[in-house]
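Working notes, structure below.
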Amino acid sequence: MSSDGCSSPSGPRAAVGDRVVPGPGRAPAGTRQPLVRFDSVWKTYRTGAEPVHALRGVSVSVMPGEYISIIGPSGSGKSTFMHILGCLDTPTSGRYSLAGTDVSSMGEVELAEVRNRRIGFVFQQFHLLARLSAWRNVELPLIYAGVPRHERRVRAMAALEQVGLANRVEHRPNQLSGGQQQRVAVARALVTEPDLLLADEPTGNLDSRSSADVLAMLDELHRSGRTIVLITHEPDVAQAAERVKRFRDGRFIDDGGEGR
Amino acid sequence: MSWWETMRSGFDAILGHRLRSGLTVLGILIGIAAVILTVGLGEGATAQVNSAINSLGTNLLIVSPGSSSTGLVRGGFGTASTLTYANALALGNKRDCPDVAAVAPQVQTGGNLVAGTTNWSTQVIGSTPNWLQVRGRSMAIGSFFTASQVKTDANVVVLGSTTAQELGLFNPVGQTIEVGTVPFTVIGVLKSAGTSSSSTNQDDMAVVPVTTAQELLTGTPTVSNIYLEATSASTMGAAGTEVTDELLALHGITDPANQDFTITSQTSLVQTASSVNSALTFLLAGIAAISLLVGGIGVMNIMLVSVTERVREIGLRKALGATPAMVRRQFLVEASVLGLTGGIGGAALGLVAAVVVPHFVSNQIAISVPATLGSVAVAMVIGVVFGVYPASRAARLAPIEALRSE
């Protein structure tokens, strides 16, 4: 993992092949391109008389295969950061590249495609559709990707097996425990083979046993090579990641302490 | 996302809210059924009236006695009995009225018929042999009276099928019945005209020679009407003019404004009847259209509720990669499925009612295929039109706003 902190590159193209400063306790990333790169990203809301700066020049990079957690109190702007990272929102200024592509200036339709192809979301409230069975929930992103019907089922089943729910595929969300629901959500996030797994307070609605369960699963996914960004306000949960970054007042306040 | 997926998702959403969807569909359904029934009722009534008018005969002109002028007092329609059998004979003259094919004067009166111990009151018509042709009737059994029987004031009678039945005559030809107190020989029975119960019964009558009727029953030389058949539909106008000129001359009237008779044609009757009918149909269809509109607003209302209620679902679908167009399409499909379901249900209900209702009321209800298909299409269009606004609201929702809402 590397972070540019306050320094900002001279121009957009500088991102490619830019020297990456290795963080402490981390093997040099070599010449690999970062998966995520934020260059002084600002997000300003102008709802009232006073503009509110939710993000104040965030610059950060995430290398492929990294597992980092972002911890910050509520109101720190970490949700806004997560929304932009997840291509659910666009920056007011600055540049965000995902897998080498500038996504900060994309339109709604392009962003939808990026979310579909590159990002898997895991939410605090699971966000499963109550009317659909587990596997039908998991196949949803594949529908939007235009994957044929038969292949969707096969891949949804495989994803559910991966999260240990092979025997619960026909269950509806209300027939599953909270931990199981979150595992369905993880399966849904994995089914498209995304570049980036984005977990927003994934343990926020779970008891400690289910939380440990979900965190263990994320750990396993990381070991199998997934890039994971975990957003939380709980220090215990944040420690599950390889690296921890603290977020406060719209920017990162340190260059990352040790995780684990 | 394929159309198939969109449809399935739409059905899922509709089946997920059965009561609400059912009530929405009901609004459309009632509207469509009402449209089909009112159009059917209107067309049925028109067909009924047209067949009643056509059963009078084809290319028919009817001369009725008109207003009389006695000094300065002018009477209205039918106040004078100015038409005579002699007039009718004159109108049959091919030289003066070349476009008139046949003439049948008609004396109309009531009479009490007695056969043995059975008696029956009915209309008694006095006419000439042309009556059969002009009124478009034919014989079931026996024969109609001849010109010579008219000339000799023969006491012969032709009965309507209902009349023969009511008198209990199973083998009527040759039997003697009394009309008034005068004995008549039954020489035939008319074939049933088959007109419906709502118009004058064309099967309950007794027809006698016009001369006999004038002599024995009415005692005057006048006739009630003169029925004329034009040579063809296109010569009806010319025939009308010829008849008018001839009658004005016969009656010695120089100013056509004072004419003492009125000529009506079948066409004018049909026109009057159908204009009344179409006005009524328009009124009913208007009410039905309003109920459809209300149904459409119901669809919009429900779709707006649905969008509000499913904000999180929309947000999630967008986060998973649904584009605004896909979301819009999903809600449009839902709305049009609601509309289409209501349309098909309404068409089914309307058709069933069109078949069942005539058993309980005297009105005919025509089943109009274009109206049925049209209203199903309209129902779907209503679904789409009233679904556009809710669907574009759903499509415009920002995913983060949608996901944030609890």
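The values are calculated or read from the model by the stated rules, or taken from the named source; none is laboratory data. Note that this is a predicted model, so its numbers are computed, not measured. Because the Cβ atoms are built from the backbone with ideal geometry, glycine has one as well, and the counts that use them run over all protein chains shown. For the accessible areas, the whole protein counts, side chains as well, though only heavy atoms, and no ligand, DNA or RNA atoms are used. Shrake-Rupley method; radii C 1.70, N 1.55, O 1.52, S 1.80 Å.
Round to a whole number: what % of the accessible area of the range A:64-258 belongs to carbon and sulfur, probe 1.4 Å? Roughly 44 percent of what the probe reaches on the range A:64-258 is carbon or sulfur. Contact-buried residues of the range B:380-406, at a threshold of 50 Å² lost accessible area versus the chain by itself: B:Ile400, B:Leu403 (1.4 Å probe; DNA, RNA and ligands ignored).
Taking R0 as 41 Å, what FRET efficiency do you get between A:Asp236 and A:Gln175 from their Cβ-Cβ distance, rounded to the nearest 0.05? With R0 = 41 Å, the Cβ-Cβ based efficiency is 0.85. Comparing mean-square fluctuations of A:Gly107, A:Gly77, A:Gly225 from a GNM of chain A with C-alpha springs under 10 Å, the top value falls on A:Gly107.
Computed 3J(HN,Hα) for the range A:82-98, one whole-Hz value per residue from the Karplus formula 6.51 cos²θ - 1.76 cosθ + 1.60 where θ = phi - 60°, is 4, 4, 6, 4, x, 6, 8, 8, 10, x, 6, 8, x, 10, 10, 10, 10, glycine and proline marked x. When +1 charges are put on Lys and Arg Cβ atoms and -1 charges on Asp and Glu Cβ atoms, the dipole computed for the range A:64-258 relative to its Cα centre reaches about 600 debye. Using a probe of 1.4 Å on the protein chains alone, the accessible area found for B:Ile344 is around 100 Å². With each label modelled as a point 7 angstrom along the Cα→C-beta vector, the B:Val369-A:Arg46 pair spans 6.3 nm. Among the residues of the range B:1-39, those with an accessible-area drop of 30 Å² or more from chain alone to full protein complex, heavy atoms and 1.4 Å probe, are B:Met1, B:Glu5, B:Arg8, B:Asp12. With a simple spin-label model that places each label point 7 Å from the Cα along the Cα-to-Cβ direction, the separation between A:Asp207 and B:Thr272 comes to 8.9 nm. Legend: residues B:Lys151, B:Lys94, sorted from most to least accessible area (1.4 Å probe; ligands, DNA and RNA excluded), read B:Lys151, B:Lys94. Largest GNM mean-square fluctuation among A:Ser74, A:Ser104, A:Ser40, using chain A with Cα springs under 10 Å: A:Ser74.
Among B:Leu248, B:Leu351, the sequence by solvent-accessible area, most first, with a 1.4 Å probe is B:Leu351, B:Leu248.
Let me spell out the model: positive unit charges on the Cβ of Lys and Arg, negative unit charges on the Cβ of Asp and Glu, origin at the Cα centre of chain B. What dipole size does that give, in debye rounded to 20? About 2000 debye. For the pair the range A:180-208 and the range B:269-292, the centres of their Cα atoms are 63 angstrom apart.
What FRET efficiency do you get for B:Val357 and A:Glu193 if R0 is 56 Å and r is their Cβ-Cβ distance, rounded to the nearest 0.05?
On the way: r = 62 Å, r/R0 = 1.11.
Computed FRET efficiency for B:Val357 and A:Glu193: 0.35.
Model label sites at B:Ile290 and B:Thr262, defined 7 Å from Cα along the beta-carbon direction, differ in position by 3.5 nm.
Compute and list, largest first, the equivalent-ellipsoid semi-axes of chain A from the alpha carbon gyration tensor, each √(5λ) rounded to a whole angstrom.
Values: eigenvalues 182, 79, 70 Å².
Over the Cα atoms of chain A, the semi-axes work out to 30, 20, 19 Å.
Which residues in the range B:1-42 have a backbone N closer than 15 Å to a point placed 7 Å from the Cα of B:Asn301 along the Cα-to-Cβ line? Those under the cut-off are B:20-31. Which residue, B:Thr146, B:Ala213, B:Thr128, has the largest displacement toward the positive end of the dipole of the range B:81-259 when charges sit on each Cβ (Lys, Arg +1; Asp, Glu -1)? Positive-end residue among those listed: B:Thr146.
Round to the nearest 10 and give me the degree value, 0 to 90, for the angle of helix B:369-396's Cα axis relative to the longest principal axis of chain B. The helix B:369-396 is inclined about 20 degrees to chain B. Helical runs (DSSP H, four residues minimum) scored at -39500 (n - 2.57) apiece and divided by the length of chain A put the mean residue ellipticity at 222 nm at -9000 deg cm²/dmol. The string of couplings for the range A:54-66 from the Karplus curve (6.51, -1.76, 1.60, θ = phi - 60°) is 7, 10, 10, x, 7, 10, 7, 10, 10, 7, x, x, 6 Hz, one whole number per residue in order, with x for Gly and Pro.
Helix A:208-223 and the long axis of chain A differ in direction by around 70°, with both axes built from C-alpha atoms.
The dipole here belongs to the protein assembly as shown: it is taken about the Cα centre, uses +1 on the Cβ of Lys and Arg and -1 on the Cβ of Asp and Glu, and is about 2760 debye. Around the amide H of B:Met139, modelled in the peptide plane, lie the amide H atoms of B:Lys191, all under 5 Å away and 5 or more residues distant in sequence or on another chain.
Surface calculation, 1.4 Å probe, protein heavy atoms: A:Thr90 sits at approximately 40 Å² accessible.
Accessible surface buried at the A:B interface totals approximately 2400 Å², computed with a 1.4 Å probe on protein heavy atoms. Taken one residue at a time, the phi angles of the range A:152-165 give Karplus couplings (6.51, -1.76, 1.60, θ = phi - 60°) of 4, 5, 4, 5, 5, 4, 4, 5, 5, 5, 4, 9, x, 10 Hz. Gly and Pro are set to x. How tilted is helix B:266-309 with respect to the longest principal axis of chain B? Cα atoms for both, answer in degrees (0 to 90, nearest 10). Rounded to the nearest ten degrees, it is 10.
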